[in-house]
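Below you'll find the structure, written out as structure tokens, and then a few comments.
A short reminder: the numbers here are calculations on the coordinates, not readings from a lab. Worth saying up front: this structure is predicted, and the values here are computed from it rather than measured. Glycine gets a Cβ as well: all are built from the backbone with ideal geometry, and neighbour counts include every protein chain shown.
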Amino acid sequence: MVDHSFADLSLAALYDSLNPWGPSDDFYLELVRRARSVLDIGCGTGQLLRRARAEGHGGRLMGLDPAAAMLVQARRGRPDVEWVLGDTRVRQWDAEFDLVVMTGHAFQTLVGDEEIRGCLRAVRAALADGGRFVFETRNPSARAWERWTPEEVRRVTAADGTEVRVRHEVRGGGPRDGRVRFTETFESDGWPGPRVSHSVLRFLDAEALKGFLTEAGLTVVEQYGDWRRGPLTPAAPEIVTVARRAR
């Protein structure tokens, strides 16, 4: 099920303002520049592929996302990229891409074991010889969810000039079975009431990730703890993984 914050057209229009370009985007853009064909799974509004095309990338760029409202934003920004509605359960490829990415912690929305297995099998099938799969998850030992509190309010300006306030609240006090459940609440003085999105994210450590990748026929090439390619330590905020097809 697509989160309300991604399915609602007015909330999807706020996504880029709430998630401005940053170090993670620079990291992925460098990889995209060097790849002839790229599949971005869970591409959202397509910031990464839009930037790559705008810079002159002349190869195949495909963005896949299950939220139609997010792809509306993507198509408006760059109609000369392949934007595909769906997910890896209904779309399949055969050794077509030099690079497959999942950015913006999209991998963490795969909350069930079978969801993860199915996605990774599709990724392996999509990779051409020598291709790479690159994605990131939040390092569970860094406990990012402890900072998702109602007191931390973000403010953005909607297209009509009104201010929108956004806050998060973790439900259940923290992770259960490696899953964190939380609400994302959007409020504006011009709206009749708040709009609330209910979300679940899966937190996996490096060993668990390696297990799923190995089972799917993928091999970890490198892992980093941040976007500067720093080491993966218990305090590192991210687990950035580079994988390839196993021999």
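A dipole drawn for the stretch 36-102 from +1 and -1 charges on Cβ atoms has a positive end, and of Gly77, His57, Gln47 the residue lying farthest that way is Gly77. Averaged over residues, the count of other Cβ atoms within 10 Å places the peptides 107-115, 197-205 in the sequence 197-205, 107-115, highest first.
Helices that extend 27 Å or more along their long axis by alpha-carbon positions and average at least 1.0 on the Kyte-Doolittle scale are absent among the DSSP H runs of the chain.
Put simply, the amide H of Leu218, placed in the peptide plane, has neighbours under 5 Å in Ala246, leaving out anything fewer than 5 places away on its chain. Can you find, among Val156, Thr185, Val134, the residue farthest towards the positive end of the dipole of the stretch 134-188? Put +1 on the C-beta of Lys and Arg, -1 on that of Asp and Glu. Highest projection toward the positive end goes to Val134. Taking the Cα centre of the chain as reference, the dipole from Cβ charges on Lys and Arg (+1) and Asp and Glu (-1) amounts to some 480 debye. When the chain is described by a simple charge dipole with +1 on each Lys and Arg Cβ and -1 on each Asp and Glu Cβ, the residue from Ser24, Pro234, Leu209 located farthest towards its positive end is Leu209.
Annotation for the stretch 154-215 versus the stretch 24-39: alpha-carbon center distance of 26 Å.
The charge dipole of the stretch 190-232, taken about its Cα centre with unit charges on the Cβ atoms of Lys, Arg (+1), Asp and Glu (-1) only, comes to about 240 debye. A simple rule links phi to the HN-Hα coupling: the Karplus curve 6.51 cos²θ - 1.76 cosθ + 1.60 with θ = phi - 60°, which for the stretch 140-156 gives x, 6, 7, 6, 4, 4, 5, 9, 8, 10, x, 6, 8, 10, 9, 10, 9 Hz, with x for Gly and Pro. For the stretch 88-95, the Karplus equation 6.51 cos²θ - 1.76 cosθ + 1.60, evaluated at θ = phi - 60°, returns couplings of 6, 7, 10, 10, 9, 9, 10, 6 Hz by residue, with Gly and Pro reported as x.
Max-minus-min Cα coordinates of the chain on each principal axis give 56, 41, 33 Å, with the largest extent listed first.
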